[in-house]
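For reference, the structure is listed below as structure tokens.
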Amino acid sequence: MFFFSACKPVDSNPNHAHPRCRCLPDQPCWPSPAVWSAFNKAVHGNRIATFPAARECHNPYYDKTKCEEIQNGYYDDKWRRVIPGAMLLTNWETFHGQGCLGTDQTMPCNQGAVPVWTVKATTVADVVETVRFASKHNIRLAIKNTGHDFLGRSTAPSSISLWVTAMNQIQVVDAFVPECDSPLDTEGVPAIVLGPGALWGEVYRVIDQHNRIVIGGDHYSVGAVGGFCLGGGHGPLSPRHGLYADNVLQYKVVTADGEVRIANTYQNQELFWALRGGAPGFGVLVEAVYRTHPALENINYAQATIFSEDRESFAKIERDFYSRHDRWSNEGWSGYAAARSNGLVIQYFLPDSTPEKARASMQPFLDYARSFPTVVVVNDSVDHYPSFYALFQSRPDAMFGERASGVNAVLGSRLIPRTMFQSNGDIDLLSSTLTKVQDDLTKIWPDAGFLIQFVAGGQVSQGNSEETSIIQAWRDALILFIGAIEWDDNTPYETQRTYQQRLTKSIGRLREITPGGGTYHSEADPNEPDWQNSFFGTHYPRLRSVHDWYDPKGIFVCRRCVGIEDWDDDLLCRVDH
């Protein structure tokens with residue numbers, strides 16, 4: 001599509017000897033200035049010296065003019081995604097508690113986990129050169145688009161960052177046929193072809209002009225290719241058309257040997273399987289092709305905000321809320337809700353229906369909430385939109401109006417099976433457990449809460465997890481629950497670790513009531529216990545085999561990715577087993 005690629009599989013798996021540890025900037029193995037200069041020419045002058053995003057607000061680097069720019073943009077997602085060293089969540093810019101956060105001039109400023117160099121790739125050739133250079137010189141490699149990353153996989157200390165944000169091509173195709181070895185009578189399907197820097201907001205705008213829809217994320221600045229799709233990908237239309245991985249037709253990927261490979265149903269099938277749900281760590285996606293679907297006739301948007309200072313009353317409302325999801329799913333609803341100890345914000349969607357039916361479906365719950373004297377229900381409405389894109393443009397980014405970027409935060413999550421929403425006993429158990437989780441998190445961070453992602457069921461349940469590497473827990477689930485905590489920039493490192501341990505323990509309550517289940521590894525606890533099973537289930541041995549075949553040297557090693565058992569906690573040195 002956007003570049004030429006040879007249609008060839010990996011013919012062999014050479015067992016190269018490799019150094020035990022990655023090369024660091026202060027070691028003799030680090031490339032000389034002349035070698036770096038030659039590399040810069042090879043990547044068309046796109047190498048960028050990379051520093052922490054807030055560096056010029058700290059001594060001894062303080063610059064008044066630049067610091068004012070940083071202060072204006074620090075909590076702005078749009079600003080962060082165009083800064084090479086910036087991440088959505090700032091704790092991932094630190095390494096063992098050392099970094100350069102905030103705009104307080106007196107706070108220490110260290111490189112932390114910010115890469116040493118960034119290559120702002122503009123072509124596939126730039127990607128190939130960077131992968132080969134990192135492999136040849138044994139330097140840690142991090143892959144980044146927007147930095148919209150909850151596990152810190154888009155950055156790494158003492159590394160080269162391969163930044164693909166400029167490769168943001170979008171092309172709509174009326175009849176796509178997979179390349180390489182597809183039968184001559186293969187019927188083409190409507191599709192969209194994306195470069196690795198494409199953002200969902202722009203993808204939705206383009207596909208809307210063609211009167212089609214595509215399954216994607218809920219936020220404008222989420223990358224449409226990369227971690228989102230490698231994790232399986234979910235969105236507000238997933239119950240209607242499946243997960244993102246269920247809609248992939250083809251990938252083009254640069255593997256660890258520096259080759260560009262096509263992966264689809266007919267070519268590199270094992271790699272194609274792994275790239276549809278197996279997380280990052282198998283290569284650099286440089287093109288993705290997704291199936292598109294006919295545009296919606298309309299979509300209804302129901303929203304409401306519910307508050308109560310009476311915890312007992314609010315717990316009853318939450319319990320009633322959960323009890324309605326099995327029926328709402330059957331009616332075609334999906335969406336998102338955010339809960340705190342005394343508040344619930346709902347943003348739910350009903351495609352191809354009428355406002356009257358949507359109101360009739362939601363009204364019994366709102367009436368129940370209003371039946372409590374201490375409860376206030378505001379902003380409840382059902383709005384009708386002619387298209388998904390029209391709705392997407394109208395919605396706020398943050399449900400409680402809080403900062404969503406430029407903060408320190410970690411998540412914990414669990415996929416809750418549909419069966420837990422179908423009997424009074426299970427609903428009671430789920431509701432009481434979530435109340436305990438909420439209380440746990442509030443003790444860590446007073447404003448803590450959890451996100452209710454009502455994005456499973458429907459066609460997600462119909463997907464075949466043997467055809468993709470999606471964990472079976474997605475097929476059984478109705479809702480993905482996500483708990484989150486934050487901390488201030490000046491919080492001691494040991495205290496941060498304690499907070500994270502308490503989060504892990506709290507989410508353990510959900511693990512206990514969903515034995516044999518799992519979670520979505522792109523929005524998960526970076527300290528998830530038994531992560532191989534929680535993230536990948538029975539697919540893990542096969543994923544490990546595919547990973548070791550395509551990346552025997554661990555070029556694409558990343559946090560909680562397949563194959564990290566071979567590495568220490570910092571992912572810088574191999575360990576003995």
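The values are calculated or read from the model by the stated rules, or taken from the named source; none is laboratory data. No experiment lies behind these values; they were computed from the predicted model shown. Ideal geometry is used to build each Cβ from the backbone, glycine not excepted, and the neighbour counts take in all protein chains shown. When the accessible area is computed, the model is the full protein with side chains, heavy atoms only, and any ligands, DNA or RNA have been set aside. Shrake-Rupley method; radii C 1.70, N 1.55, O 1.52, S 1.80 Å.
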Residue, farthest from SER159 (Cα to Cα), within segment 527-544, restricted to residues that are among the hydroxyl-bearing types (Ser, Thr, Tyr) and open to solvent by 20 Å² or more (accessible area, probe 1.4 Å): THR538
I need every pair where a residue in segment 474-500 that is closer than 19 Å to GLN438 by Cβ has its Cβ under 8 Å from the Cβ of a residue that is surrounded by fewer than 15 Cβ atoms within 10 Å (Cβ to Cβ) and modelled with pLDDT under 95, sequence separation at least 6 or different chains. GLU486/ASP447
Working only within segment 39-68, note down all residues that are more than 28 Å from the chain's Cα centre (by Cα) and open to solvent by 60 Å² or more (accessible area, probe 1.4 Å). LYS41, HIS44, ASN59, PRO60, TYR61, TYR62, LYS64, THR65, LYS66, GLU68
Considering each residue of segment 196-213, count those that are in contact (Cβ under 8 Å) with a residue 40 or more places away in the chain, within 17 Å of the chain's Cα centre (by Cα) and part of a loop (DSSP other than H, G, I, E, B), and give that number. 2
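Taking segment 100-123 as the region of interest, how many residues are within 22 Å of LEU162 (Cα to Cα) and either within 23 Å of the chain's Cα centre (by Cα) or among the polar types (S, T, N, Q) (or both)? Give the derivation first.
Quick first cut of segment 100-123, residues within 22 Å of LEU162 (Cα to Cα) only: 100, 110-123.
Pick out the ones that are also either within 23 Å of the chain's Cα centre (by Cα) or among the polar types (S, T, N, Q) (or both) and you get 110-115, 118-123.
Result for segment 100-123: 12.
Confirm whether ALA134 is closer than 17 Å to LEU571 by Cβ, in contact with a Phe, Trp or Tyr (Cβ under 7 Å, 6 or more places away or on another chain) and either open to solvent by less than 20 Å² (accessible area, probe 1.4 Å) or part of a loop (DSSP other than H, G, I, E, B) (or both). So that I can check it myself, show each step before the final result.
Working: closer than 17 Å to LEU571 by Cβ: yes; in contact with a Phe, Trp or Tyr (Cβ under 7 Å, 6 or more places away or on another chain): no; either open to solvent by less than 20 Å² (accessible area, probe 1.4 Å) or part of a loop (DSSP other than H, G, I, E, B) (or both): yes.
Considered against the rule, which asks whether it is closer than 17 Å to LEU571 by Cβ, in contact with a Phe, Trp or Tyr (Cβ under 7 Å, 6 or more places away or on another chain) and either open to solvent by less than 20 Å² (accessible area, probe 1.4 Å) or part of a loop (DSSP other than H, G, I, E, B) (or both), ALA134 comes out as no.
Hey, could you check segment 71-121 for residues that are among the polar types (S, T, N, Q) and within 17 Å of PRO492 (Cβ to Cβ) and say which is most open to solvent (accessible area, probe 1.4 Å)? Walk me through it before giving the result.
Within segment 71-121, the first condition is being among the polar types (S, T, N, Q), and the residues that meet it are 71-72, 90-91, 94, 98, 103, 105-106, 110-111, 118.
Subsequent filtering for residues that are within 17 Å of PRO492 (Cβ to Cβ) retains 90-91, 94, 98, 106, 110.
Values: THR90: 0, ASN91: 15, THR94: 29, GLN98: 96, THR106: 116, ASN110: 62 Å².
Taking the candidates together, the pick is THR106.
Out of VAL376, VAL382, I need the residue that is aliphatic (A, V, I, L, M), over 25 Å from the mean Cα position of the chain (by Cα), closer than 30 Å to GLU486 by Cβ and not in a helix (DSSP H, G or I). Which one?
Numbers: VAL382 fails: closer than 30 Å to GLU486 by Cβ.
Unique residue meeting the criteria: VAL376.
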Of all residues in segment 2-42, how many are modelled with pLDDT under 95 and either under 30 Å from GLU179 (Cα atoms) or not in a loop (DSSP other than H, G, I, E, B) (or both)? 14
Of all residues in segment 421-436, how many are within 25 Å of GLY242 (Cβ to Cβ) and open to solvent by 10 Å² or more (accessible area, probe 1.4 Å)? 1
Which condition breaks for ARG240 when tested against (1) farther than 30 Å from PHE95 by Cβ; (2) in a helix (DSSP H, G or I); (3) free of Cβ contacts under 8 Å to residues at least 40 places away in the same chain? (3)
Does segment 173-190 include one or more residues that are assigned to a helix (DSSP H, G or I), open to solvent by 30 Å² or more (accessible area, probe 1.4 Å), under 29 Å from PRO386 (Cβ atoms) and out of contact with any Pro (no Cβ under 6 Å at 6 or more places or on another chain)? no
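Name the one entry in ASP208, ASP218 that is modelled with pLDDT of 95 or more and buried (at least 17 other Cβ atoms within 10 Å of the Cβ). Step through it out loud before you land on a result.
Working: ASP218 fails: modelled with pLDDT of 95 or more.
Among ASP208, ASP218, only ASP208 is modelled with pLDDT of 95 or more and buried (at least 17 other Cβ atoms within 10 Å of the Cβ).
Condition check ((1) among the charged types (D, E, K, R); (2) open to solvent by 60 Å² or more (accessible area, probe 1.4 Å); (3) in contact with a Leu (Cβ under 7 Å, 6 or more places away or on another chain)) across all residues:
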position	(1), (2), (3)
ILE507	no, no, no
GLU512	yes, yes, no
ASP525	yes, no, yes
VAL546	no, no, yes
TRP549	no, yes, no
GLY554	no, no, no
Scanning segment 565-577 residue by residue, those part of a loop (DSSP other than H, G, I, E, B), of a type outside the set (A, V, I, L, M) and either touching a His at 6+ places or on another chain (Cβ under 8 Å) or within 27 Å of LEU411 (Cβ to Cβ) (or both) turn out to be ASP568, ASP569, ASP570
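Output yes when any residue across segment 552-564 is β-branched (Val, Ile, Thr), on the phi < 0 side of the Ramachandran plot and not in a loop (DSSP other than H, G, I, E, B), and no when none is. Talk me through it step by step, then tell me what you get.
Restricting attention to segment 552-564, the residues satisfying the condition of being β-branched (Val, Ile, Thr) are 555, 557, 562, 564.
Filter again for on the phi < 0 side of the Ramachandran plot, leaving 555, 557, 562, 564.
With the extra rule that they be not in a loop (DSSP other than H, G, I, E, B), the set shrinks to 564.
Yes, there is a match, as at least one residue in segment 552-564 is β-branched (Val, Ile, Thr), on the phi < 0 side of the Ramachandran plot and not in a loop (DSSP other than H, G, I, E, B).
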Taking the residues in segment 458-488 that are among the small types (Gly, Ala, Ser) and more than 20 Å from LEU230 (Cα to Cα) as candidates, determine which candidate is least open to solvent (accessible area, probe 1.4 Å). GLY483
Filtered residues of segment 437-457 (kept if surrounded by fewer than 17 Cβ atoms within 10 Å (Cβ to Cβ) and in contact (Cβ under 8 Å) with a residue 60 or more places away in the chain): ASP439, THR442, ASP447
Residue list for segment 153-168, restricted to those being open to solvent by less than 20 Å² (accessible area, probe 1.4 Å) and within 18 Å of CYS573 (Cβ to Cβ): ALA156, PRO157, SER159, ILE160
